[in-house]
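See structure below.
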Amino acid sequence: MKTLLIIDANLGQARAYMAKTLLGAAAHKANLEIIDNPNDAELAIVLGESLPNDNALNGKKVWLGDIGRAVAHPELFLSEAKSHATPYSAPTAAAPAASGGPKRVVAVTACPTGVAHTFMAAEAIETEAKKRGWWVKVETRGSVGAGNAITPEEVAEADLVIVAADIEVELAKFAGLPMYRTSTGLALKKTAQELDKAVAEATPYQPAGKASQAATEGKKESAGAYRHLLTGVSYMLPMVVAGGLCIALSFAFGIEAFKVPDTLAAALMQIGGGSAFALMVPVLAGYIAFSIADRPGLTPGLIGGMLAVSTGSGFIGGIIAGFLAGYMAKLISTKLKLPQSMEALKPILIIPLISSLVVGLAMIYLIGKPVAGILEGLTHWLQTMGTANAVLLGAILGGMMCTDMGGPVNKAAYAFGVGLLSTQTYAPMAAIMAAGMVPPLALGLATMVARRKFDKAQQEGGKAALVLGLCFITEGAIPFAARDPMRVLPCCIVGGALTGAISMAVGAKLMAPHGGLFVLLIPGAITPVLGYLLAIVAGTLVAGLAYAVLKRPETEVAAKAA
């Protein structure tokens, strides 16, 4: 029997994932086929508090069930659904977002690291769209490139494009279609409201460089400097990870083994330090400029970033060069008017030449040396500061990582740590990653220590959070934080601050800015290992046990809600 599974997005991503996985396995044993198209379904199973207002389900057998029971007893749950499902009839008044009939929606999601928010937002959009009877396909622009790519045929048939991205992404293939832009955070936490706004507020998209680009430019400008900076960081990140791990492998042969010519250690240092790290600042600057001005900004941004390296102004100079290059290229592109016969020269000659000259001369004569002095002072302070200052800095960075779990404050701390890697300052990055692992690990621990206070689905979600925490995916704690923010966030902030402080106190250093505890498999990637693990365990215990004590039993929460 063809079966459609609809899961309320408000139940949380971890619970939804567990239910989908367990029911999928049980459905195979029960000879049920889980499908995505409501028009082909013979049975629809809804996990949530109420049935959706969905004309596509008219006349089909529908069963409304509890997600906790579905996770605890998936085979029994499916048997009950088959036996007790009743024909569905949609209410006369349709939901506002679906008033125009079933829609064909394509969506794109992207976040700076391309790991957690990208895929969680995609799942939330898919779930909510299917509840409404819409056809939907979400393309994820993750760390490994585009996943579930949208084809030209699907673009041609689409009624609406939803872009949930915290960075700038290539959208030229959607030219002319109604488009609504939002963030991954809003798409994840307020999915229904964002889809309603998408229907009401979408405007035709025109790629930059075309005459009718006013609406697009307005949307892009409203994103501000934060989105442009995160775009640069997202493109720089693979360089930092690859380079840092190559340097760590070089150190595995001895701290000074790379100084011996024609050895493997020397080759690894040349790959990591001489090539990957040399490119990180130009890539950062280039893609900040790309985010601001699209392709015309890339050339002056890369040149400005390379000059930041050569003048010693490092990642601070790279950030300045990126913004200067982007806004200069954009200014020339929009303000310089040429005869139609010469317009073709702007993107390949005039904009790259003028903007590169302006940025290059500014970096050499105005920006490079002063910023190099500032960076040198900052680096010297970080490398020579006393224990008290180091502990304080670690506590601040650790608390920031746990404040909004993947939001602006979290990403600001992360970008700071990544930038310092270019100056061979590795301690802050160690504190940042350790603290970022605390929230999901702590909440997973809490579900094990105080099992009676959590329902079955939350206990399963805690197991998933433990795995995500080990991978340094802070967003694994979001389902718990969204449900109980006034208790979860303070506990996690205290635990993260403690972890960051201990990490700095023991002098922990991290060569790569991602990977969680799995980077321990690379010799020399984390030092000292025991001190670093102690920091993570201490913060996890404090946050996890604190929440286990403060957490109200789920039975009390349900009784009060009723």
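The values are calculated or read from the model by the stated rules, or taken from the named source; none is laboratory data. It should be emphasised that the depicted structure is a prediction, and the values quoted were computed from it without experimental measurement. Neighbour counts are summed over all protein chains in view; Cβ atoms, including those assigned to glycine, are modelled from backbone coordinates with ideal geometry.
Numerical summary
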read-out	value
Test: residue in the range 257-270 that is at pLDDT below 85, more than 20 Å from the chain's Cα centre (by Cα) and closer than 20 Å to Ser422 by Cβ	yes
First in the range 62-79 and outside the structural domain of Phe454 (by TED's automatic domain parsing) and among the hydroxyl-bearing types (Ser, Thr, Tyr), second anywhere and at pLDDT below 80 and outside any strand (DSSP E or B), Cβ under 8 Å, 6 or more apart	Ser79/Ala30
Selection status of Leu533, modelled with pLDDT of 90 or more and surrounded by fewer than 21 Cβ atoms within 10 Å (Cβ to Cβ)	yes
Boolean, Ala98 is in contact with a Phe, Trp or Tyr (Cβ under 6 Å, 6 or more places away or on another chain), among the small types (Gly, Ala, Ser), modelled with pLDDT under 90 and surrounded by 14 or more Cβ atoms within 10 Å (Cβ to Cβ)	no
Residue match in the range 353-362 (condition: assigned by TED's automatic domain parsing to the domain that holds Leu489, touching a residue at least 12 places away in the same chain (Cβ under 8 Å) and β-branched (Val, Ile, Thr))	no
Near pairs, Cβ below 8 angstrom, 6+ apart or cross-chain, from the range 433-453 (without any contact (Cβ under 8 Å) to a residue 24 or more places away in the chain) to any residue that is aromatic (Phe, Trp, Tyr) and not in a helix (DSSP H, G or I)	Thr447/Phe454
Residue within the range 279-287 that is more than 21 Å from Gln424 (Cβ to Cβ) and either touching a Cys at 6+ places or on another chain (Cβ under 8 Å) or surrounded by 23 or more Cβ atoms within 10 Å (Cβ to Cβ) (or both) present	yes
Residues satisfying the stated conditions in the range 262-290, i.e. of a type in the set (Ser, Thr, Tyr) and either out of contact with any Leu (no Cβ under 8 Å at 6 or more places or on another chain) or assigned by TED's automatic domain parsing to the domain that holds Gly524 (or both)	Thr263, Ser275
Residue in the range 401-409 that is farther than 21 Å from Lys463 by Cβ, of a type in the set (S, T, N, Q) and in contact (Cβ under 8 Å) with a residue 12 or more places away in the chain present	yes
Filter pass, Pro523 being farther than 22 Å from Met400 by Cα and in contact (Cβ under 8 Å) with a residue 60 or more places away in the chain	yes
Matching residues, the range 358-412, being under 23 Å from Gly539 (Cα atoms) and of a type in the set (Val, Ile, Thr)	Thr387, Val391, Ile396, Thr403, Val409
Of all residues making up the range 28-45, the number that are in contact with a helix residue (DSSP H, G or I) (Cβ under 8 Å, 6 or more places away or on another chain) and of a type outside the set (Gly, Ala, Ser)	9
Given (1) free of Cβ contacts under 8 Å to residues at least 24 places away in the same chain; (2) surrounded by fewer than 21 Cβ atoms within 10 Å (Cβ to Cβ), index of the condition Tyr327 fails	(1)
Residue within the range 400-408 that is modelled with pLDDT under 85, more than 24 Å from Met511 (Cβ to Cβ) and surrounded by 23 or more Cβ atoms within 10 Å (Cβ to Cβ) present	yes
Only one of Gly496, Gly507, Gly462 that is within 20 Å of Gly398 (Cβ to Cβ), part of a helix (DSSP H, G or I) and modelled with pLDDT of 85 or more	Gly496
